[in-house]
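Participant: Pasting in a structure now, in structure tokens, and then I'll have a few things to ask.
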Amino acid sequence: MGVGLGILAGTGLKLLAPYVVNGTLPVLIPSGGSAPGGSATTPGALPAGAPPAGKALKPGRFQPKQELTALSKSWAQLAAAQKGLQASGFLLVLDDGRFAQLAADQPLPAASSIKTPILLAGLEDVDGGKIRWNEPLPLTKELVGGGAGWMASKPVGTRFPFFEAATEMIRVSDNSATNLLIKRLGGKTSLNTRFQALGLPATVVNNWLPDLDGTNTTSARDLARSIALVDTGEKLSPRARDLFREIMATSRTDTLIPLGLLQGLGKDASDPDSELLSFGVTAYNKTGDIGIAYSDAALIHLPTGQRAVAAFMVKGPFNDPRSADLIRSMAAEAAKTLVGRR
């Protein structure tokens with residue numbers, strides 16, 4: 001028995017030697033059987049939707065190539081069914097250029113969604129050494145903004161570090177924090193020039209926030225592009241890009257794009273962000289709401305490893321619930337197209 005076992009062991013090692021040298025070992029699966037985990041597998045098979053063997057995930061570009069015409073048409077139909085609402089939408093899969101659009105370049109009231117391109121401009125200056133991450137920003141009377149946030153309750157003259165203002169601008173949509181950044185970035189005129197240079201032609205700051213009259217504008221394409229410029233590495237270094245993602249991840253409001261994506265996947269939940277994880281989907285988003293206008297823009301990580309940027313904007317009667325519902329419906333259609341249902 002000892003001699004027999006020795007012969008078998010020696011033969012096995014001889015057969016496995018080439019694989020050991022190459023750093024790979026074959027997975028032995030009985031004919032018609034399953035790989036560990038229970039799914040039927042053939043040699044060299046990849047998970048559905050994964051990139052081909054030998055091809056790494058690439059940063060991608062903001063380059064629309066192939067329109068998802070069915071998705072664009074579904075958005076148009078959803079918008080047409082809501083009389084009195086003006087809707088806009090844009091979606092782009094950064095990895096392969098698939099896109100959908102609905103009046104994507106139409107300037108509409110930005111509300112708090114303009115805080116995303118402001119964050120980009122701020123981190124661009126941090127990246128370039130023009131602003132220190134912990135630089136104190138003094139709160140002056142003109143910068144105190146009502147509505148969302150807590151910084152307005154602090155005494156005039158209070159100094160907030162840049163990183164706190166940038167984070168609170170997104171986390172709780174603090175309007176005073178946003179005004180602090182606008183001031184530090186050179187004011188409205190200077191910031192608008194920056195937006196033009198970034199390729200955001202519809203993005204304009206005309207008033208301090210909260211801007212309840214909707215004079216500050218942007219477009220669905222601009223919002224999507226402002227996120228894509230970061231994620232593709234076109235405008236920020238890897239460290240600044242990570243800061244952008246970390247700050248965007250703190251956003252508390254997930255009732256527009258995240259909830260819409262979840263509904264498109266056939267589920268509903270009070271915590272859409274957590275529930276989306278079970279589908280392999282993550283959405284980093286920033287909303288806007290001034291009653292007459294609603295908006296949301298997001299970076300969406302898909303189960304395939306691909307990433308998409310999406311933005312939706314709706315203008316309509318004050319506090320009309322159809323505005324938020326329309327954004328969720330358009331996001332739901334996007335989820336059906338990009339992810340499908342279980």
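The values are calculated or read from the model by the stated rules, or taken from the named source; none is laboratory data. Please read these numbers as outputs of a predicted model, since none were measured by experiment. Cβ: placed from backbone, ideal geometry, glycine included. Neighbour counts: every protein chain shown. All accessible areas refer to the heavy atoms of the entire protein, side chains included, with ligands and DNA or RNA removed. Shrake-Rupley method; radii C 1.70, N 1.55, O 1.52, S 1.80 Å.
Participant: Under a Cβ-Cβ cut-off of 12 Å, what is the net charge of the residues other than Gly214 that fall near it, where Lys and Arg count +1 and Asp and Glu count -1?
Facilitator: Working: positive: Lys315; negative: Asp211, Asp213, Asp289.
Net charge in that neighbourhood comes out at -2.
Participant: If you stretched the chain out fully between Phe318 and Thr158, how much longer would it get, using 0.36 nm times the residue separation minus the C-alpha to C-alpha distance? Don't skip to the answer; put the middle values down first.
Facilitator: Working: separation 160, 0.36 × 160 = 57.60 nm, distance 3.42 nm.
Gain in length upon complete extension: 54.2 nm.
Participant: Starting from the amide H of Leu137, placed 1.01 Å from N in the peptide plane, find each other amide H under 5 Å away whose residue is 5 or more places distant or on another chain.
Facilitator: Answer set, sorted by chain and number: Phe160, Phe162.
Participant: Express in Å², to the nearest 10, the accessible area of Trp133 obtained by rolling a 1.4 Å probe over the protein heavy atoms while all chains stay in place.
Facilitator: 90 Å²
Participant: Roll a 1.4 Å probe over the protein chains and send me the accessible area per residue for the range 254-342 in Å². Mind showing how you got there, number by number?
Facilitator: Values: 3110 Å² over 89 residues.
Per residue, the range 254-342 has 35 Å² of solvent-accessible surface.
Participant: Let me ask something else. How would Arg245, Arg307, Arg328 line up by accessible area, probe 1.4 Å, largest first? Spell out each step's value before the answer.
Facilitator: On the way: Arg245 65, Arg307 20, Arg328 40 Å².
So the residues, ranked largest to smallest area, are Arg245, Arg328, Arg307.
Participant: With the other protein chains left in place, how much accessible area per residue, in square angstrom, belongs to the range 126-204 at a 1.4 angstrom probe?
Facilitator: On the way: 3500 Å² over 79 residues.
Normalised by residue count, the accessible surface of the range 126-204 is 44 Å².
Participant: Another question about this same structure. For Val172, tell me the accessible area in Å² from a 1.4 Å probe, rounded to the nearest 10.
Facilitator: Probe radius 1.4 Å; accessible area of Val172 about 30 Å².
Participant: How big is D, in µm² s⁻¹, for the range 91-228 by Stokes-Einstein at 20 °C and 1.002 mPa s if Rh is the Kirkwood radius over C-alpha pairs? Show your work: numbers first, answer last.
Facilitator: On the way: Rh = 15.3 Å.
The calculation lands on 140 µm²/s.
Participant: Further question: Sorted by accessible area (1.4 Å probe), largest first, how do Leu191, Leu102 line up?
Facilitator: Numbers: Leu191 0, Leu102 30 Å².
So, going from the largest accessible area down, we get Leu102, Leu191.
Participant: Among Glu246, Glu168, Glu234, what's the order by accessible area (1.4 angstrom probe), most exposed first? Could the numbers behind the result be given before it?
Facilitator: Numbers: Glu246 115, Glu168 15, Glu234 75 Å².
Order by accessible area, largest first: Glu246, Glu234, Glu168.
Participant: Moving to a separate point now. Can you pull the percent of the range 84-184's accessible area that's carbon plus sulfur, 1.4 Å probe, other chains left in place?
Facilitator: That fraction is 52 percent.
Participant: Same structure, new question: Taking the Cα centre of the range 184-342 as the origin, how large is its charge dipole in debye, to the nearest 20, when only Lys and Arg (+1) and Asp and Glu (-1) carry charge on their Cβ atoms? It would help to have the intermediate numbers written out before the result.
Facilitator: Numbers: 19 positive and 17 negative charges, 95 e Å.
Using Cβ point charges on Lys, Arg, Asp and Glu, the range 184-342 gives about 460 debye.
Participant: Tell me the carbon and sulfur percent of the accessible area for the range 204-342, rounded to whole percent, probe radius 1.4 Å. Walk me through the numbers on the way to the answer.
Facilitator: Details: 2430 of 5160 Å².
Carbon with sulfur: 47 percent of the solvent-accessible area.
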